Amino acid sequence: MTPVPALSLDHLRRRYGERYKWLVLLTVMVGMMASIVSSTIVNVAVPEMSRYFVIGQERAQWISAGFMVSMTLALSLTPWLLHSFGMRRTYLGAVLLLMLGGIGGGLSMNFSLMIGMRVAEGIAAGVMQTIPSVVVLRSFQPHEQGRAMGIFGFGVVLAPAIGPGVGGLLVEFFGWRSIFFVVVPFCITAILLARRFLPLSSREPGTRRALDWRGLLLLAFATLCLLNGLVELHQAGSIGPWLLLPAGFAGMAGFTWYQLRCAEPLLHLRLFAHRQFAMGATVAFVYGIALFGSTYLLPIFLQTALNYTASSAGFVLLPAGLAMACAMPVAGRLADRFPANRLVVCGILLMSASLLLMVSVTGTSPYLALLLWVATGRIGLSLILPALSIGTVRGLDPAAIPQATSMSSFMRQLGGVIGISAVGIGLEIRAAAHGVDMRSVGPINPAKLAAFDEIFVALALVMAAATFAAWFLKPAPHVHAGPASH
């Protein structure tokens, strides 16, 4: 009998048996919890950081947008990293970078350095984003995948559910720097688990392939031009938008043209020929706009418009996050039983309704009503995530799964980048139109509420527009699209 190498995939499966797939899921879940905490917990500190660094919303949004941009670009690297270095090395490298970014962010003495650390955290989070879906789709049978995604989703959303409340307390009692160190215990745990349960080798081919650095540079150029062009829209009389936005669109067009002709592209865009994947990626893009845009907007709304403290704002989000975490396993089981398109449409409608209901919130609104409106949207998000993650790639060739999950995550994060930037910039524009300064402190101002209401309505309409694409997210079990179609 041929000996099985220590710490190989076969060795670990023999050692731990049937429970091994759950141990691997737990391992990648802890790392994802760390990355999501680093993404969301900072939102409750944005008002204090804005005052500390003396910046407006058009710059403050880069605290989240910088993370999201780097995360989006790093997503495109994950298939190459998995192919070249395997699951274990890729995952461990990402977790270490995330921990270093958290420590560096907490020790930053100026805004530029802090943004640099957020970029490092975003790169790490982007690399980790695709790995859980690859684990679920390769380790679990089709009838178990919804359940696995639901359990994974429970852990992943539990961390940001608790995070804002904990983050609010940390900001009040220890200052904004303390929130950066929250990821450290998560990262240490993830490293210990990865060294025990992740194999040294993976199912990706052992030979390395060249990185499509031209595609990466084109994508980075286009994304940064688009985002900076959006920021420049706030500057009256600036010619920046008229230079940056066309350059960004031209960069995206050039990137698409090059990827379709490249032998080993960064992103396999031909997967969009598969209708189910194309519809799922479209929904993921809009989902990202609404999810990350509203996650960024809500803490600022509570603190800036309703004069909540950082801890009070965090604890408003706590029940909604717990409701989402509890609903996630149920949503996972539903994803095994019902068509993905129906669940996704229901989730979109709940999220849209939640955003519209926020318009009714004023300084005299009952606290319970505010909790209920936020929880409605989070339950809607829990319905979307498992069904969308599985439905988007179901029917694809197994060899295409890493690329497909990476591209779906890329579309979601790209939507998130645009959502956060649009919310931050749109809020400044509408505040100026209503004649208010978002940094001012005082009694509840109806003009401030009106500015926020307009952004909530815009997000709701964008989210509702995704129902068309979601309805066509129908099962196509006999259609296969994979690398061979390139």
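The numbers here are math on the coordinates, done by the rules we state, and not lab data. Everything numeric here is computed off the predicted structure, so don't read it as measured data. Glycine gets a Cβ as well: all are built from the backbone with ideal geometry, and neighbour counts include every protein chain shown.
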Note, the range 14-31: 3J(HN,Hα) by Karplus (6.51, -1.76, 1.60, θ = phi - 60°), whole Hz, Gly/Pro = x, goes 5, 5, 9, x, 4, 6, 4, 4, 6, 5, 5, 4, 4, 4, 6, 5, 5, x
Most exposed to least, judged by fewest other Cβ atoms within 10 Å, 300, 239, 420, 55 sort to 239, 55, 300, 420
On the Cα set of the range 212-265, report Rg and Dmax in Å, please. 12.8, 44
Fewest-first ranking of 448, 21, using other Cβ atoms within 10 Å as the exposure measure: 21, 448
Spatial extent of the range 310-436: Rg and Dmax, with the Cα atoms as the point set, Å: 17.5, 55
I'm spelling it out carefully: the read-out is volume of the Cα convex hull per residue in Å³, the candidates are [x] 248; [y] 135; [z] 151, and one was derived from this structure. Which label? [y]
For the chain, calculated [θ]222 nm from helices alone, where every DSSP H run of n ≥ 4 adds -39500 (n - 2.57): -25000 deg cm²/dmol
Mean 1/r over all different Cα pairs, inverted: what Kirkwood radius does the range 38-94 give, in Å? 13.3
Express in % the proportion of alpha carbon pairs of the range 230-372 at distances exceeding 18 Å. 73
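Using 0.36 nm per residue of separation minus the Cα-Cα distance, give me the extension gain between residue 440 and residue 273 in nm, one decimal.
That pair, residue 440 and residue 273, stretches by 55.1 nm at full extension.
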